[in-house]
Amino acid sequence: MLEDRAGSEDAPDGSGADTTTADPILEVRNLSTQFFTAEGQVNAVESVSFDVYDGEIFGIVGESGSGKSVTALSILDLVESPGRVTAGEIWYRNPDLADDMRDSHPEAVEGEYVDTRRVPTGVRRSLRGPTFSMIFQDPMSSFNPSITVGEQLAEAIEVQRRARANPRSTRSRTQGYGLGRFLTDSLLPSRSYVSAESRERATGLLDQVGIPDSAERAAEYPNQFSGGMLQRAMVAQALAGEPDVLIADEPTTALDVTIQAQILDLLADLQDEEDMSVIMITHDLGVIARMCDRVGVMYAGEIAERGSLTDVFDRPVHPYTEGLLESIPDPDDPAPRLQPIEGNVPSLIDSEMGNRCYFADRCPKAMDECVAEKPAEVDTAGSAEHRVRCVLAEREYDPTRALSGTEEDREREASADD
Amino acid sequence: MALGRFVLKRALQGIVVVWGVVTVVFGLRFITPGNPISVIAPLDASPETRQAIARELGLNDPLYVQYLDYLLGLLQGDMGYSYISNTQASAQVFARLPATLELAVVATIVAVVISIPLGVLSATRRNEPADYGATLFSLAGISTPNFWLGIMLVLVFAVQLEIFKTSGRGPGFVSALSMLVTQGSAAGLLSWLSYITLPALALGTYFTALITRLTRSGMLDELGSAYVKAVRAKGLPETLVRYKHALRNTLVPVITVLGLQLGTLIGGAVITEAVFDWPGLGTLVITSITARDWPILQGSLVVIGVGFVLINIAVDTLYAYVNPQVVYE
């Protein structure tokens, strides 16, 4: 049902500003994910919207706790209790799936698009692999330590093979694979859930991601791999279902700097070869600059500023984006001290958030109107896609209206004004 | 081969442990009150008779000679002679061993068959009625003393309902099985079941409760771990997520506890065996203590110690098999 992605073929190479003319592969609209904890309701992701086009790399950047990873997990429907996706739509372009769903779930279909939030759970799960797949931050903890790497890749392939064998049935994956079948398969060595073809393909994938001696490595356990090699294996695993959208959640954070570059190069090459779209989640603006076509800057569960790379890096409007840019070292001019953003990401507990700009407390350019009302997302200078959730989009900073703060705050304002 | 060397190494370590056990067991006799001669000799025995008995038992020899004699005897399978019946102690001990092993193994099987599915159910239906039921069961099972449970089981199922036998062992599994094979009759097996069910339940309940808890908490840990999220992200069905991935890793600590508990079942089934008058090592230990029949007591303790060591070697080997991060060294 899903492997035939007719839609992606007639789409133009989606990079840069001309992507706006094509239909996106993924449209996320007003996605909200909340965690219901003992301390209160935490709005980890609040009304986030973005598009991902065919063959592009869309970056999401932000500090720890800004909601980047939860956004990714929400798209895959992997948010676990006490968290829940509470609102929003995730429109995925797939004409075949749209045809399948049109009669049974008309509310979830619009043209070639399907709202994955409104299809049954089984269908949503069947999208993991062939539609969305994910690379996790820490490869060492994201593989089962007691199963060989090859077997773990092969089962990801096998699940898609079985789904293709029964394209009309979204239940097909669990059919013929109940507990009884699993027990006989595990106890009788002659029988195996994973077919020989899938094992071969797993070795092929390991080859593709540049793991030498792939056949031998496939028989090894995760603890026998180095971090970089295991992250390559994870990339291979994510490719198993030939996904339309690959979500890379901090794919290089747990790795050595030298290995980071290799993994990024690998991802860029594969994205080119496989013609897939990538959502690159990172806290590292360097990764964004190197990899992405368009970027969204997340803060406190919202996208604070978005646009093309030029928009965000050369003409940032939101003081948070400016702060992020000032907090990375510039190799050409290492002399000035880095300017960290003071303070921490707010707790995101619903009752403490209020109708105001969430960044105002840390913002060197906060004014009275920032706490009066939550700023709407508005168009600003730059490309057509450059949008920002900040009052500064529409007016200049006026020091006389500055939000009263501490001594350091005012000093920081002064230096920021220079 | 790494596995062979591992087993050999553990076996050598095991021999040292068993030697320690033998030494302690031997030493026990000299720090406990009571004189073997009084046990053997009639109350009105003359001092000459008592001297003769002491000579015969080697009690006049220096301690190290007695110790070396005992060690050498053990190496040849000689545990001495019972003070009471004057028969070979080893014959008595080994005659009781099958009954104890049988009870321990059946109790373990009962425990494993009930506890692991129950623990998984409890973890996957967390905070649902099934989970509350399983948690309540394991709390009750851990808190119930097994001698009381044994007596209650006898009262209800043997005395009132007359489904099972109150005490004794019946034909034993091997003879019941050979009856089935040679005569094609299941009567022996049924009779065996009617004897073993209650003691196995009494002995296995605590064990079942313990493993249920362990499986539940282990499964919860595993299901919340990062790799499970990654497995789900691959689109694997939930059955595979649970049984192929999470349960497999949960079993690593379960196997450890299982082995340790099987060891205690062999040695520690004393009370249950007494309640059901089960003709195993436990009842033998009790009767030999009350009779001060030292050779029997020492022999039983040595056999229990050896059993413990063997089970631990088996568990360590199995442990390394299920957890590839363990290297045989």
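The values are calculated or read from the model by the stated rules, or taken from the named source; none is laboratory data. Computed from a predicted model, the values in this text were never measured in an experiment. Ideal geometry is used to build each Cβ from the backbone, glycine not excepted, and the neighbour counts take in all protein chains shown. Ligands, DNA and RNA are stripped out before the accessible areas are found, and what is left, the full protein with its side chains, is counted by its heavy atoms. Shrake-Rupley method; radii C 1.70, N 1.55, O 1.52, S 1.80 Å.
Somewhere in region B:31-40, is a residue at pLDDT below 80 and open to solvent by less than 30 Å² (accessible area, probe 1.4 Å)? Yes, some residue in region B:31-40 is at pLDDT below 80 and open to solvent by less than 30 Å² (accessible area, probe 1.4 Å). Looking at region B:162-175, is at least one residue at pLDDT 90 or above, within 29 Å of B:G267 (Cβ to Cβ) and surrounded by fewer than 16 Cβ atoms within 10 Å (Cβ to Cβ)? Scanning region B:162-175 turns up no residue that is at pLDDT 90 or above, within 29 Å of B:G267 (Cβ to Cβ) and surrounded by fewer than 16 Cβ atoms within 10 Å (Cβ to Cβ).
Of the residues A:C370, A:C292, which is farther than 30 Å from A:F36 by Cα, surrounded by 15 or more Cβ atoms within 10 Å (Cβ to Cβ) and of a type outside the set (S, T, Y)?
Testing whether each residue is farther than 30 Å from A:F36 by Cα, surrounded by 15 or more Cβ atoms within 10 Å (Cβ to Cβ) and of a type outside the set (S, T, Y) leaves just A:C292.
The requirement of being part of a loop (DSSP other than H, G, I, E, B), on the phi < 0 side of the Ramachandran plot and open to solvent by 90 Å² or more (accessible area, probe 1.4 Å) is satisfied by B:L43. Restricted to region B:229-251, and to residues there that are facing chain A (nearest Cβ under 8 Å) and among the hydrophobic types (A, V, I, L, M, F, W, C), the residue that is nearest to A:R161 (Cα to Cα) is B:L236. In summary, helices (runs of 4 or more DSSP H) completely within region B:87-191 and bearing 3 or more residues that are among the β-branched types (V, I, T) occur at B:89-124, B:173-183. Condition (residue is touching a residue at least 24 places away in the same chain (Cβ under 8 Å) and within 15 Å of A:Q152 (Cβ to Cβ)) applied to region B:248-263: is it met by at least one residue? Within region B:248-263 (the criterion being touching a residue at least 24 places away in the same chain (Cβ under 8 Å) and within 15 Å of A:Q152 (Cβ to Cβ)), the answer is yes, since at least one residue qualifies.
For A:L348, indicate whether it is under 24 Å from the mean Cα position of the chain (by Cα) and at pLDDT below 85. Explain how you work it out, then say what you get.
Values: under 24 Å from the mean Cα position of the chain (by Cα): yes; at pLDDT below 85: yes.
So A:L348 passes the test.
Number of residues in region A:67-96 that are within 12 Å of the chain's Cα centre (by Cα) and farther than 22 Å from B:K234 by Cβ: the value is 1. Of all the criteria given as (1) of a type outside the set (D, E); (2) modelled with pLDDT under 85; (3) open to solvent by less than 90 Å² (accessible area, probe 1.4 Å), the one not satisfied by B:R5 is (3). Number of residues in region B:279-329 that are at pLDDT 85 or above and within 14 Å of another protein chain (Cβ to nearest Cβ): the value is 0. For A:S32, the requirement of being over 28 Å from A:E274 (Cα atoms), at pLDDT below 90 and of a type in the set (S, T, Y) is not met. Determine which single condition B:T264 fails, assuming it passes every other condition in (1) open to solvent by 50 Å² or more (accessible area, probe 1.4 Å); (2) within 14 Å of chain A (Cβ to nearest Cβ); (3) of a type in the set (S, T, Y). Every condition holds for B:T264 apart from (2). Among residues of region B:260-278 being of a type in the set (A, V, I, L, M) and modelled with pLDDT under 80, the one that is nearest to the chain's Cα centre (by Cα) is B:I266. When B:G80 is tested against (1) on the phi > 0 side of the Ramachandran plot; (2) surrounded by fewer than 18 Cβ atoms within 10 Å (Cβ to Cβ), exactly one condition is not met: (2). Within region B:277-321, the set of residues being of a type outside the set (K, R), open to solvent by 20 Å² or more (accessible area, probe 1.4 Å) and in contact with a Pro (Cβ under 9 Å, 6 or more places away or on another chain) comprises just one member, B:W294.
Applying a threshold of 6 Å to beta carbon distances and a minimum spacing of six or more residues, or different chains, the list of pairs starting in region B:139-158 at a residue that is over 28 Å from B:S217 (Cα atoms) and ending at one that is exposed (fewer than 14 other Cβ atoms within 10 Å of the Cβ) reads B:F157/B:I163.
Tallying residues that are open to solvent by less than 30 Å² (accessible area, probe 1.4 Å), within 14 Å of another protein chain (Cβ to nearest Cβ) and of a type in the set (S, T, N, Q) within region A:48-103 yields 1.
Filter region B:198-237 for residues that are among the polar types (S, T, N, Q) and open to solvent by less than 40 Å² (accessible area, probe 1.4 Å) and give the result. Step through it out loud before you land on a result.
Of the residues in region B:198-237, the ones among the polar types (S, T, N, Q) are B:205, B:208, B:212, B:215, B:217, B:225.
Result: B:T205, B:T208, B:T212, B:T215, B:S225.
Here is the figure for region A:126-146: residues that are in contact with a Phe, Trp or Tyr (Cβ under 8 Å, 6 or more places away or on another chain) and open to solvent by 10 Å² or more (accessible area, probe 1.4 Å) total 2. Apart from one condition, B:W148 fits all of (1) buried (at least 18 other Cβ atoms within 10 Å of the Cβ); (2) of a type in the set (A, V, I, L, M, F, W, C); (3) at pLDDT 90 or above; the exception is (1).
Criterion applied to A:E197, A:E242, A:E216 was being open to solvent by 30 Å² or more (accessible area, probe 1.4 Å), assigned to a helix (DSSP H, G or I) and at pLDDT below 90, and the one residue passing it is A:E197.
Is it the case, given these coordinates, that B:R96 is open to solvent by less than 90 Å² (accessible area, probe 1.4 Å) and in contact (Cβ under 8 Å) with a residue 12 or more places away in the chain? If you could, list the steps in order and put the result at the bottom.
On the way: open to solvent by less than 90 Å² (accessible area, probe 1.4 Å): yes; in contact (Cβ under 8 Å) with a residue 12 or more places away in the chain: yes.
When the stated conditions are applied, B:R96 passes them.
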